[in-house]
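Read-outs: derived from the displayed coordinates by stated rules, not from any lab. Just so we're clear, the structure is a prediction, and the values are computed from it rather than from any experiment. Cβ sites come from the backbone with ideal geometry, for glycine too, and all protein chains shown count toward neighbours.
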Protein chains: 2
Amino acid sequence: MPVTGFEQFEVGQKFTSAPRAVTTADIKQFAAQFDFQPQHMDETAAKATLFGSLVASGWHTASLTMRLMLESILEGVSGRGLGIRINDITWSSPVRPDDELHAVSEVMSLRPSRSKPDRGLAVIRTTTHNQRGEAVQEMTGTLLILRSDALLHLGN
Amino acid sequence: MPVTGFEQFEVGQKFTSAPRAVTTADIKQFAAQFDFQPQHMDETAAKATLFGSLVASGWHTASLTMRLMLESILEGVSGRGLGIRINDITWSSPVRPDDELHAVSEVMSLRPSRSKPDRGLAVIRTTTHNQRGEAVQEMTGTLLILRSDALLHLGN
């Protein structure tokens, strides 16, 4: 059962997502919109880049990781949290066509808000792995998350 | 004229992109793929979230900022650099439908590689602003960038 509020998280909890494949078409489509460098756009042009072959944009990997988190650690708090800050992102290995990615998130620290008792801050470390178990991205972020019993008013 | 290699960057240089609009359709399309929370997906559902109205995913803002950087500071080094690390991202204000975003990037530090003389590391701070001059995102990243005269071999 998903965690539905800040008070249900515990330091050290780990959440693992199901895997999700990244296709050549996905890589090129994302790149055409946001990161149209040759290593993300075209197999031949990619040969003359630092990567030597087609790879996903790091921002594609980061965006996919958000999806994987919504399918695991954040499933129950969708719409009841917000990202305050990304503390760091490292792209450890390239993501190549047909890689299957999954995310493992760990709760690193929790701090209830002093001024607003219906919410708290969670520091979450998420490593995104490919099908060979290699880390492709390591990220630490700080999220504001509401308690399960928090009431949101329309137009809050 | 765009900067085409590591040796042409100088600490303190600033680059400003042209503005680019973010539509309601853009926000929902990105969210459907990567961040399907109610505040990014639907005007009515967004009223019952912490934001109170439709806002872009922070990952959408980050990805758009990559595009704005490729249209300014990174224009001449497309395909000849790679993101090593994001040192931090802060989402300072929400991005709402029809906002027009532009990015201002500043070169914070430069370090030539000791082992590979054809490249170096640049720390770049980029603030993404809306049409009211408000910062919507502040980000610092570390990029590896080749010198203008670097030779890349096929399959490098």
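For B:Thr61, the test of being touching a strand residue (DSSP E or B) at 6+ places or on another chain (Cβ under 7 Å) and under 29 Å from A:Ala150 (Cα atoms) is passed. Go through the residues of segment A:112-122 one by one and say whether even a single one is more than 9 Å from chain B (Cβ to nearest Cβ), surrounded by 19 or more Cβ atoms within 10 Å (Cβ to Cβ), touching a residue at least 12 places away in the same chain (Cβ under 8 Å) and out of contact with any Pro (no Cβ under 6 Å at 6 or more places or on another chain). Yes, there is a match, as at least one residue in segment A:112-122 is more than 9 Å from chain B (Cβ to nearest Cβ), surrounded by 19 or more Cβ atoms within 10 Å (Cβ to Cβ), touching a residue at least 12 places away in the same chain (Cβ under 8 Å) and out of contact with any Pro (no Cβ under 6 Å at 6 or more places or on another chain). Return yes or no: is A:Thr24 of a type in the set (Val, Ile, Thr), surrounded by fewer than 19 Cβ atoms within 10 Å (Cβ to Cβ), at negative phi and touching a residue at least 60 places away in the same chain (Cβ under 8 Å)? For A:Thr24, the condition - of a type in the set (Val, Ile, Thr), surrounded by fewer than 19 Cβ atoms within 10 Å (Cβ to Cβ), at negative phi and touching a residue at least 60 places away in the same chain (Cβ under 8 Å) - is met. Any residue that is of a type in the set (Ser, Thr, Tyr), over 20 Å from A:Pro38 (Cβ atoms) and without any contact (Cβ under 8 Å) to a residue 40 or more places away in the chain - is there at least one of those in segment B:124-131? Yes. Scanning segment B:52-66 for residues that are surrounded by fewer than 19 Cβ atoms within 10 Å (Cβ to Cβ) and either at the interface with chain A (Cβ under 7 Å from one of its Cβ atoms) or assigned to a helix (DSSP H, G or I) (or both) turns up just one, B:Gly52.
The set of residues in segment A:27-44 that are in contact (Cβ under 8 Å) with a residue 12 or more places away in the chain, within 12 Å of A:Trp59 (Cα to Cα), outside any loop (DSSP other than H, G, I, E, B) and out of contact with any Pro (no Cβ under 9 Å at 6 or more places or on another chain) comprises A:Phe30, A:Ala31, A:Phe34, A:His40.
For segment B:69-110, name all the residues that are more than 9 Å from every other protein chain (Cβ to nearest Cβ), on the phi < 0 side of the Ramachandran plot and either of a type in the set (D, E, K, R) or without any contact (Cβ under 8 Å) to a residue 24 or more places away in the chain (or both). Residues satisfying the conditions are B:Glu71, B:Glu75, B:Arg96, B:Asp99, B:Glu100, B:Glu106.
The condition of being closer than 26 Å to A:Leu144 by Cα and either more than 8 Å from every other protein chain (Cβ to nearest Cβ) or buried (at least 18 other Cβ atoms within 10 Å of the Cβ) (or both) holds for B:Met41.
Apart from one condition, A:Arg125 fits all of (1) in a loop (DSSP other than H, G, I, E, B); (2) closer than 30 Å to B:Lys47 by Cα; the exception is (1).
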